[in-house]
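Data first, discussion second: the structure below is written as structure tokens.
Every number here is computed from the coordinates shown, using simple stated rules; none is lab data. Predicted, not measured: the structure shown is a model, and the values here were computed from it. All Cβ positions, even for glycine, are placed from backbone atoms using ideal geometry, and neighbour counts span all protein chains on display.
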Amino acid sequence: MATLFATTVASAKPRERDYKLSDGGGLYLLVRPNGTKLWRLNYRYLEKHRTLAFGAWPEVSLADARDRRDDARRLLAAGTDPSHQQKVDAARARVEENDTFKLVAEEWVAKNEREGMAEITLSKLRWLLDKAYPKIGNRPVAKVTAQDVLAVLRAIEATSRHESARRMRSVLSRVFRYAIATTRAERDPASDLRGALTVPKAKHLAAITTEDRAGDLMRAIEGYSGHTITLFALKLSAHLFVRPGELRQAEWAEFDFDRSVWNIPAEKMKMRRPHRVPLSAQVVGLFEELWDLTGSGRYCFPSFRSGQRPMSENTVNAALRALGFGQEEMTAHGFRAMAATLLNETGQFNPDAIERQLAHMENNGVRRAYTRGEYWNERVALMQFWSDELERLRDGARVLKPNFARRAHSDAA
């Protein structure tokens with residue numbers, strides 16, 4: 001039965017020796033000669049007398065001490081030693097303080113790197129996380145709140161980079177889910193912020209999608225007078241219409257020229273699924289010529305500075321600008337839209353085969369279950385048709401030299 005009052009605790013005076021003021025249930029206040037007042041709990045566990053410290057008054061009030069006593073009694077009733085549990089809780093708290101958001105995020109990035117994530121994707125992750133670290137990097141990951149995350153996202157939104165803010169929320173959410181999986185956090189505060197951000201307007205990458213301009217483009221590429229390896233990258237971008245990152249990171253070991261196929265491993269693909277690209281006769285011929293230039297190295301399109309790295313992601317776009325095609329008209333990624341549009345307009349190929357060749361994932365789960373076929377034979381025919389079509393479009397007029405493609409088009413208009 002409780003016997004102490006808050007006023008009794010506050011007015012207790014020190015004596016020459018320690019003395020106790022009991023509150024019942026084993027709880028008492030230990031008053032030291034120096035005036036310090038400490039809360040203690042005496043209890044029995046496995047037939048042994050033990051004492052548990054709850055802290056000092058006034059930091060721990062009488063009401064707080066009683067709550068802690070009741071918690072300890074509940075642990076005893078469940079067969080747990082409250083002194084041991086207190087040590088476990090203290091150790092967990094120390095670990096949580098050391099498991100900062102930055103530490104967990106860097107561990108997660110390293111895991112993705114070990115699993116083969118593309119370097120360009122890793123760079124984007126690091127770039128986004130570097131913007132989050134100043135606000136939440138040193139916070140224990142388990143203590144980061146939705147409000148903390150929102151502050152990070154609002155700072156990016158304030159610069160009108162709405163798409164970056166959306167990507168940031170997704171990346172932060174993945175870090176928190178990793179923290180949960182590794183028992184460093186119990187929930188993902190970023191998931192609470194769905195719907196809180198400004199929805200970015202859809203931005204379509206510029207692409208040429210008419211036969212006339214496609215012919216102009218292919219003639220301009222034929223007359224490109226820059227670096228020879230860049231010329232091959234331009235031509236193969238058009239013929240293969242893979243994603244720019246997939247082409248520039250292409251390795252000679254991925255090609256089976258006996259079977260005329262390029263096997264792109266899953267870790268290089270956006271959807272993390274391996275992808276096969278049939279090679280037309282023209283494409284095989286281009287690679288045979290390219291082999292004489294880069295076949296002794298790892299990459300088909302090595303960096304101009306180091307053969308240990310692939311070509312820069314800006315190389316093809318820069319070449320398009322040199323040819324007179326502005327960023328509002330054509331991009332390296334635009335070769336995909338050009339091929340998709342013109343191939344669909346022919347009506348000769350199953351749209352699903354075209355989508356599969358583009359390595360697109362069907363969004364509708366039910367439909368995806370019924371369209372799992374590779375359409376391989378049709379895709380082989382499709383890729384040969386497309387190379388033939390590019391030559392037909394290219395040969396529609398004389399070859400144009402770099403920087404004259406746009407002028408000729410304007411004069412004709």
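Proximity of backbone amide H atoms, modeled 1.01 Å from N, is registered between residue 100 and 141 at under 5 Å, excluding neighbours fewer than 5 places apart on the same chain.
By the rule of a C-alpha distance below 18 Å, with chain neighbours fewer than 8 residues away ignored, the aspartates and glutamates paired with residue 131 are 106, 107, 148, 157, 163.
Using the Karplus relation 6.51 cos²θ - 1.76 cosθ + 1.60 with θ = phi - 60°, the per-residue 3J(HN,Hα) values for the stretch 130-139 come to 4, 7, 8, 4, x, 8, 10, x, 8, 7 Hz, with x marking Gly and Pro.
Per-peptide packing, taken as the mean over residues of other Cβ atoms within 10 Å, places 239-246, 187-194, 352-359 in the sequence 239-246, 352-359, 187-194 from highest down. Given +1 at the Cβ of Lys and Arg, -1 at the Cβ of Asp and Glu and no other charges, the dipole of the chain around its Cα centre is 2220 debye to the nearest 20.
Projecting the Cα atoms of 360, 349, 257 onto the charge dipole of the stretch 211-412, computed from C-beta unit charges around the Cα centre, puts 360 farthest toward the positive end. In the list (i) 33.6, 109; (ii) 22.4, 72; (iii) 20.5, 61, the label attached to Rg and Dmax of the Cα atoms in Å as derived from the coordinates here is (i). A cut-off of 5 Å between modelled amide H atoms, ignoring neighbours fewer than 5 places along the same chain, links residue 324 with 403. Under the rule a/c < 1.5 gives rounded, and otherwise a/b versus b/c splits prolate from oblate, where does the stretch 6-94 land using the Cα gyration tensor? Since a/c reaches 1.5 and a/b is larger than b/c, the shape of the stretch 6-94 is classed as prolate. Along its three principal directions, the equivalent ellipsoid of the stretch 49-153 from the Cα gyration tensor extends over semi-axes of 41, 17, 10 Å, largest first. Which of 49, 6, 39 sits closest to the plus end of the dipole of the stretch 6-94, meaning its Cα is farthest towards the positive end, when Lys and Arg get +1 and Asp and Glu get -1 on the C-beta? Of the options given, the answer is 49.
Among 305, 248, 394, the order by Cβ neighbours within 10 angstrom, fewest to most, reads 305, 394, 248. With the cut-off at 19 Å, tell me which of the pairs 102/135; 102/270; 111/143 have Cα atoms farther apart than that. Correct reply: 102/270; 111/143.
With angles folded into 0 to 90 degrees, how steeply does helix 376-394 sit against the dominant principal axis of the chain? Use alpha carbons for both and round to 10. With both axes taken from Cα atoms, the answer is about 60 degrees. How far, in degrees from 0 to 90, does helix 162-181 lean away from the longest principal axis of the Cα atoms of the chain, to the nearest 10? The angle comes out at about 50 degrees.
The count of lysine pairs in the stretch 6-94 that are at least 8 places apart or cross chains, and whose C-alpha atoms lie under 23 Å apart, stands at 5.
Set the Cα radius of gyration of the stretch 101-193 against 2.2 N^0.38 Å, with N its number of residues, and you get 1.01.
Here, the stretch 211-412 has an Rg and a Dmax of 16.8, 51 Å when only alpha carbons are counted.
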